[in-house]
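Here's the structure, in structure tokens; my notes come after.
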Amino acid sequence: MTKPEHPVRLYDLDPDALRDQVAAWGQPAYRAGQLYQWLYQRLAIDPAEMSSLPAQLRALLAEEAQIELLAPAAENVSRDGHTTKTLFRLHDGQLIETVLMRYDRRNTVCISSQAGCAMGCTFCATAQMGLQRNLTPGEIVAQVLYFERWLRPITDPRSPVTGHRSRITNVVVMGMGEPLANYANLWQALRTLTDPAGFALGARKITVSTVGLIPGIDRFAEEDLQINLAVSLHAPNDALRATLVPIDRRYPIADLLAACRRYVARTHRRISFEYAMMAGINDSPGLAEELAARLQGLLCHVNLIPLNPVAGSPFQPSRREDVDAFVAILESRGIPTTLRVRRGIDIDAGCGQLRARVAQSTSIPLLS
């Protein structure tokens, strides 16, 4: 059956819009609630599965609506089997990346908020492709639902409940794009994911990362959902940071940290700072001392990230001894610090890397 040129994209509809659409199809309002459950609790993608809906509505869904918004184009799995990176093709041909990382007690999915990125971070593969467009709310949500479907058939051996299925436990918006540059669509997606009547993921299990868009941080602080905020810092001074993260020229570190302090004062939540460790660039003891001084008195946590190098890039991962020394200095100055577990180094898990390889080479197997 041929879909109309512009089908109703169900994941793009918030609950009010979904009720309006169901009413436009001549159905009572309660059918929208049933449909919502099929979409976000039972993860149905075929209207024929929706047995509690009347045949007329199922036929309308099949004829006029689109549920699945993502088509897998390529997929890489790490040698240890714990990390899966999928490249998705959107309806207009744009490509985005999503990564599933399976830990002992967590299944974390890293999702994209834009196709490409306009921020221009010099060490990031996504930045090299520029911004193509914002993702819709449904395209953001669909990345999580894709891997939730993938996980559910896997029995979780850690569960005391026999036959309990594995599921997504955490979401990090740290993939392609700058989330706060797609603010309205991002927050509609986050409300869908946290809705108790739908996917019902706890807000505190979600982290949104920004390069430091100050108006977005201030707006974020006023939201009612207790979603975590992370800031990609990568350097403790403007002279260095502006060469790595060009947005620093617009929002310098002093102003950015002031916004972070306002966020903490307003929300009483700890803020995380991401710091990608690059050999000979930002990993010296002096920079660790400077970073510690900058963060004194701020309720925060520093997450040091082993860099996933881009082919041909001058930016390479720091040596482990330099990372350990950096950690020791921060901790000795009272700054809580962790070193992120390196995942997916063998499958181009760094932001934008798989998409770049597919664009440049025919050696990556495409999925039919």
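The values are calculated or read from the model by the stated rules, or taken from the named source; none is laboratory data. Treat the numbers as computed from the prediction; the structure is a model and nothing was measured. When we count neighbours, we look across all protein chains shown, and the Cβ atoms used for this are built from the backbone with ideal geometry, even at glycine.
As an exercise: evaluate Arg266 against (1) in a helix (DSSP H, G or I); (2) surrounded by 15 or more Cβ atoms within 10 Å (Cβ to Cβ); (3) in contact (Cβ under 8 Å) with a residue 12 or more places away in the chain and give the number of the one condition it does not meet.
The number of the failed condition is (2).
One line per residue, one yes/no per condition, for (1) aromatic (Phe, Trp, Tyr); (2) in contact with a Leu (Cβ under 9 Å, 6 or more places away or on another chain); (3) in a loop (DSSP other than H, G, I, E, B):
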| position | (1), (2), (3) |
| --- | --- |
| Asp16 | no, no, no |
| Asp20 | no, yes, no |
| Ala23 | no, no, no |
| Arg31 | no, yes, no |
| Tyr36 | yes, yes, no |
| Arg42 | no, no, yes |
| Ser51 | no, no, yes |
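Please identify the pairs in which a residue from region 130-156 that is without any contact (Cβ under 8 Å) to a residue 12 or more places away in the chain has its Cβ atom under 9 Å from the Cβ atom of a residue that is surrounded by fewer than 19 Cβ atoms within 10 Å (Cβ to Cβ) and in a loop (DSSP other than H, G, I, E, B), counting only partners at least 6 apart or on another chain.
Thr155/Thr162; Thr155/Gly163; Thr155/His164; Thr155/Ser166; Asp156/His164; Asp156/Ser166; Asp156/Arg167
Looking at Glu97, Glu5, Glu49, which one is exposed (fewer than 15 other Cβ atoms within 10 Å of the Cβ), closer than 24 Å to Ile140 by Cα and touching a helix residue (DSSP H, G or I) at 6+ places or on another chain (Cβ under 8 Å)?
Details: Glu97 fails: exposed (fewer than 15 other Cβ atoms within 10 Å of the Cβ); Glu5 fails: touching a helix residue (DSSP H, G or I) at 6+ places or on another chain (Cβ under 8 Å).
One residue alone meets the criteria, Glu49.
I need a count of the residues in region 296-327 that are touching a residue at least 40 places away in the same chain (Cβ under 8 Å), in a helix (DSSP H, G or I) and of a type in the set (Val, Ile, Thr).
1
Taking Thr337 as meeting all but one of (1) within 21 Å of Ala125 (Cβ to Cβ); (2) modelled with pLDDT of 95 or more; (3) of a type outside the set (A, V, I, L, M, F, W, C), write down the number of the exception.
Exception for Thr337: condition (1).
Scan region 108-141 residue by residue and report those that are modelled with pLDDT of 95 or more, among the aliphatic types (A, V, I, L, M) and in contact with a Lys or Arg (Cβ under 8 Å, 6 or more places away or on another chain).
Once the filter is applied, which keeps residues that are modelled with pLDDT of 95 or more, among the aliphatic types (A, V, I, L, M) and in contact with a Lys or Arg (Cβ under 8 Å, 6 or more places away or on another chain), region 108-141 yields only Ala115.
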